[in-house]
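As structure tokens, the structure follows; a few thoughts come after it.
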Amino acid sequence: MIGAVLLVVIAAAFLFPFVWMIITSLKPTAEVFSSGAALTGSKIEWSNYPSALTSIPFGRVILNSFIVSIAGSLLSVFVSTMSAYAFARLRFKYRDHLFMLFIGTLVLPQEVLVIPLYIGMQRLGLVNSYFALIVPFAFGAFGAFLIRQFVMSLPHEFEEAARIDGCGDFRIMTQILLPLLKAPIMVVAVFSFIDYWSTFLWPLIVVNDANLATIPLGLQMFSGERGTDWGPMMAAVTLTTIPSIFIVVFLQKQLEKGVALGAFGGR
């Protein structure tokens with residue numbers, strides 16, 4: 001009974017921001033803060049949603065976010081899978097030391113990385129490009145670590161049999177191991193997609209062209225010299241959270257399996 005009550009309380013705490021977001025998106029802008037603790041305003045302002053679509057180049061912002069998020073997640077999966085296989089199966093000098101150094105990059109906050117990354121993009125002439133939005137943060141260590149943990153748990157007999165049949169490392173990776181890595185790959189893909197979808201600092205620094213603005217930069221457009229248009233902005237936030245929620249709900253079982261397998265070394 002106590003466990004059920006705790007679960008309800010925790011669920012309510014997590015759901016409250018989403019409920020508040022939807023309620024605020026239906027309030028008149030002037031009443032967002034003046035209504036106090038009241039859940040609703042004097043009227044339901046459905047016009048906030050059409051206004052959200054017209055106040056900013058909403059279609060372009062959504063398209064940019066999909067391009068960056070999908071391309072970024074695919075690149076992250078590719079890099080993470082190749083790195084995981086290298087650190088789990090290939091034998092080379094200082095492999096374990098390099099892996100620990102690679103994992104150590106997880107403790108570096110994004111704020112530490114953005115300045116050298118921006119200087120690099122600027123010198124290469126890649127500022128204000130999809131390349132700058134996608135590539136720099138596709139080489140993180142989290143995905144490689146998660147997939148490596150799963151690869152380490154797979155029996156070597158699969159690969160030994162494949163080598164006897166004449167398969168090289170690339171064919172072993174793509175034809176033998178890759179079908180077994182669907183669960184952790186799905187976790188890496190979803191986490192990468194959500195990360196690209198919601199990140200604000202790096203696009204803010206590397207992009208100053210409105211045609212390349214992603215969702216966080218698009219939401220910033222609701223703020224101007226006369227203040228923030230809170231009603232339409234919260235309506236836009238509500239609309240932009242739908243893809244992430246849909247992905248997590250639709251792939252819930254695969255995510256749970258992938259996280260559990262990664263957490264327990266594939267067992």
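Brief remarks on what is shown
- Residue in region 187-204 that is more than 24 Å from GLY59 (Cβ to Cβ), in contact (Cβ under 8 Å) with a residue 12 or more places away in the chain and of a type outside the set (A, V, I, L, M) present: yes
- Subset of region 128-174 [surrounded by 15 or more Cβ atoms within 10 Å (Cβ to Cβ), of a type in the set (Val, Ile, Thr) and farther than 20 Å from PHE87 by Cβ]: ILE134, VAL135
- Flag for ILE215 being modelled with pLDDT of 90 or more and β-branched (Val, Ile, Thr): yes
- Selection within region 215-249 - part of a helix (DSSP H, G or I) and either polar (S, T, N, Q) or touching a strand residue (DSSP E or B) at 6+ places or on another chain (Cβ under 6 Å) (or both): GLN220, THR238, THR240, THR241, SER244
- With a requirement of 2 or more residues that are within 19 Å of the chain's Cα centre (by Cα) and modelled with pLDDT of 85 or more, the helices (runs of 4 or more DSSP H) lying completely within region 17-118 that satisfy it span 58-89.
The values are calculated or read from the model by the stated rules, or taken from the named source; none is laboratory data. The structure displayed is predicted, hence computed values, not measured ones. Please note: Cβ atoms are built from the backbone with ideal geometry, for glycine as well, and neighbour counts cover all protein chains shown.
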